[in-house]
1. When the convex hull of the C-alpha atoms of the chain is computed, what volume per residue in Å³ does it have?
2. Per the 1.4 Å probe, what fraction of the accessible area of segment 1-54, in percent, lies on carbon and sulfur atoms?
3. So with the 1.4 Å probe, I'd like the accessible area per residue for the chain, rounded to whole Å².
4. Do you know the relative contact order of the chain, to the nearest whole percent, from alpha carbon pairs under 8 angstrom that are 6+ apart?
5. For an R0 of 25 angstrom, estimate the FRET efficiency from the Cβ-Cβ distance between Thr7 and Lys68 and round to the nearest 0.05.
6. Per residue of segment 56-65, in order, report the coupling 6.51 cos²θ - 1.76 cosθ + 1.60 (Karplus, θ = phi - 60°) as ³J(HN,Hα) in whole Hz, putting x for Gly and Pro.
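The values are calculated or read from the model by the stated rules, or taken from the named source; none is laboratory data. Predicted model, so just to flag it, every value in this text is computed and none were measured. Cβ placement follows ideal geometry from the backbone for every residue including glycine, while neighbour counts extend to all protein chains displayed. With ligands, DNA and RNA removed, areas are computed over all heavy atoms of the protein, side chains included. Shrake-Rupley method; radii C 1.70, N 1.55, O 1.52, S 1.80 Å.
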Amino acid sequence: MTRTPVTSSQLKSVGHDPATNKMHIEFKNGVVYEYDGVSTADHQALVGAASVGQHFNKHVKYGFTYRKL
């Protein structure tokens with residue numbers, strides 16, 4: 001999955017696969033997590049947020065099943 005860089009103090013890049021509803025988030029420390037059940041609208045809301053980090057903490061961090069890759 002291709003990840004796109006984002007402007008954030010904690011996140012480095014975000015990728016989304018609409019066919020599987022999976023999203024990959026790479027953090028500044030190089031760790032990547034995969035989140036399940038993420039719709040295209042949810043992904044777009046994250047990358048389009050005024051503060052990507054705040055949106056992640058409020059809407060993504062504990063809102064989806066995730067695993068470390």
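1. 76 Å³
2. 48 percent
3. The answer is 60 Å² per residue.
4. Normalised by residue count, the contact order of the chain is 28 percent.
5. 0.60
6. Each residue's phi maps through the Karplus curve to give 4, 4, 7, 10, 10, 3, 10, x, 9, 5 Hz.
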